[in-house]
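The block underneath contains the structure these notes are about, expressed in structure tokens.
The values are calculated or read from the model by the stated rules, or taken from the named source; none is laboratory data. Here the structure is a predicted model, which means the values were calculated and not measured. Note: ideal-geometry Cβ built from the backbone for every residue, glycine included; neighbour counts use all protein chains shown.
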Amino acid sequence: MARILTGIQSTGRPHLGNLLGAIIPALELSKDKDNQSLFFIADLHALTQIKDPKLRVDNTNATAAAWIACGMDTTEQLLYRQSRVPQVCELTWYLNCFTPYPMLANAHSFKDKSNKLSDINAGLFTYPVLMTADIILYDADIVPVGKDQKQHLEIARDIAGIFNSQFGETFVLPEVRIDENVMTIPGTDGQKMSKSYGNTLDIFMEEKPLKEAVMSIVTDSTPLQAPKDPDTCNVFALYRLLASSDQIADMRNKYLGGNYGYGHAKQALFELILSRFTTERKLFHQLMQSPQDINQQLELGEKKATEIAQVVLDRVRNKLGFR
């Protein structure tokens, strides 16, 4: 049986990129009864950016609600808050003591912001070590990630390997799995969809603001009457990720035929989002009105995750002479 682990930060409500790039693919993998899936909400990682406790809790609830709304069965698989399994913090300290400084200095999470060191906290610098602990604390075999997280998984394997080479086989070296079809989800401006870029589509928004967000997608100035190239259009790039093959072919023909404006394409994308995620949107809003239900489902996973984590941590303590 393979143990599959996926995490997502609670730095905001999950957007379309999170759903297509992480949540939905992970839930598809969890349908295989030969796999055990662990899904965690990285609320400790979120603390490197968000210091407001209420906002962080709201984001955590929204992240959990998105997982459940998209089809997660919390009685079968584990959904838990990172911060509710304290063993991860202890393991992070142990791993810090075996992680070379240059490895962290070369991590994208640090280098991308290193032009202004006064804005970087120690938590951001050691982000890859906590991420490593998140993974190897549960003997995870497979970790599905987006292309941008590939380096952090390589670091996790390196850190675990350093420990194993010194103390013998202690940690499972996780396998990185990247879905080639959804490596990068374009945002409303054509860049990778990211909360930090402010270019996301939140499919759980009320209809009016969601439509406004879709209509804000950047396009070129090709006139309505003229044919358009679907392969260079942000709207079409998003549409094809959600549509059926027949719908994609129809939209492509409309682009190439002319007399079809970007406003028409945006309206089609908006309607497709509503139809594709009707059930998820309804369930998400029901859950957000009942945070106690979210908490109960999370506690189920946290109890099981803690039991797994303690076994692995005891193994590490034994190797280090702390037990």
Original post:
Does segment 40-50 include one or more residues that are at pLDDT below 95, in a helix (DSSP H, G or I) and among the hydroxyl-bearing types (Ser, Thr, Tyr)?
Top reply: no
Original post:
Within the bounds of segment 159-168, is there any residue that is assigned to a helix (DSSP H, G or I), among the β-branched types (Val, Ile, Thr) and within 22 Å of Thr48 (Cβ to Cβ)?
Top reply: yes
Subject >> When residues of segment 268-323 are limited to those that are part of a loop (DSSP other than H, G, I, E, B) and without any contact (Cβ under 8 Å) to a residue 60 or more places away in the chain, the one farthest from Ala62 (Cα to Cα) >> reply: Gly321
**OP:** Just give me the residues in segment 136-153 being at pLDDT 95 or above and within 19 Å of Pro100 (Cα to Cα), in sequence order.
**Re:** Ile136
Original post:
Do we find a residue being buried (at least 16 other Cβ atoms within 10 Å of the Cβ) and either within 26 Å of Asn18 (Cβ to Cβ) or of a type in the set (Val, Ile, Thr) (or both) anywhere in segment 111-123?
Top reply: no
**OP:** Go through segment 241-260 and give me each residue that's assigned to a loop (DSSP other than H, G, I, E, B), surrounded by fewer than 17 Cβ atoms within 10 Å (Cβ to Cβ) and touching a residue at least 12 places away in the same chain (Cβ under 8 Å).
**Re:** Gly258, Asn259
Original post:
Do we find that Ile178 is modelled with pLDDT under 95 and either among the β-branched types (Val, Ile, Thr) or assigned by TED's automatic domain parsing to the domain that holds Ala65 (or both) in this structure?
Top reply: yes
**OP:** Would you be able to say whether some residue in segment 130-139 is assigned to a helix (DSSP H, G or I) and free of Cβ contacts under 8 Å to residues at least 12 places away in the same chain?
**Re:** no
Original post:
Where residues in segment 185-221 are of a type in the set (Ser, Thr, Tyr) and free of Cβ contacts under 8 Å to residues at least 40 places away in the same chain, which of them is surrounded by the fewest Cβ atoms within 10 Å (Cβ to Cβ)?
Top reply: Ser221
**OP:** Pull up segment 53-93, narrow it to residues that are among the acidic types (Asp, Glu) and farther than 19 Å from His285 by Cβ, then point me to the one that is farthest from the chain's Cα centre (by Cα).
**Re:** Glu90
Subject >> Which listed residue, of Thr132, Thr99, is in the same structural domain as Asn18 (by TED's automatic domain parsing), within 23 Å of Phe322 (Cα to Cα), of a type in the set (S, T, N, Q) and in contact with a His (Cβ under 9 Å, 6 or more places away or on another chain) >> reply: Thr132
**OP:** Among the numbered conditions (1) modelled with pLDDT of 95 or more; (2) crowded, with 19+ Cβ neighbours inside 10 Å, tell me where Pro53 comes up short.
**Re:** (2)
**OP:** Among the candidates Ala66, Ala46, Ala42, single out the residue that is in contact with a Pro (Cβ under 8 Å, 6 or more places away or on another chain) and in the same structural domain as Ala305 (by TED's automatic domain parsing).
**Re:** Ala66
**OP:** For segment 1-31, name all the residues that are without any contact (Cβ under 8 Å) to a residue 24 or more places away in the chain and assigned to a loop (DSSP other than H, G, I, E, B).
**Re:** Lys31
Subject >> Residues being charged (D, E, K, R), farther than 17 Å from Leu5 by Cα and in contact with a helix residue (DSSP H, G or I) (Cβ under 9 Å, 6 or more places away or on another chain) - total across segment 286-323 >> reply: 5
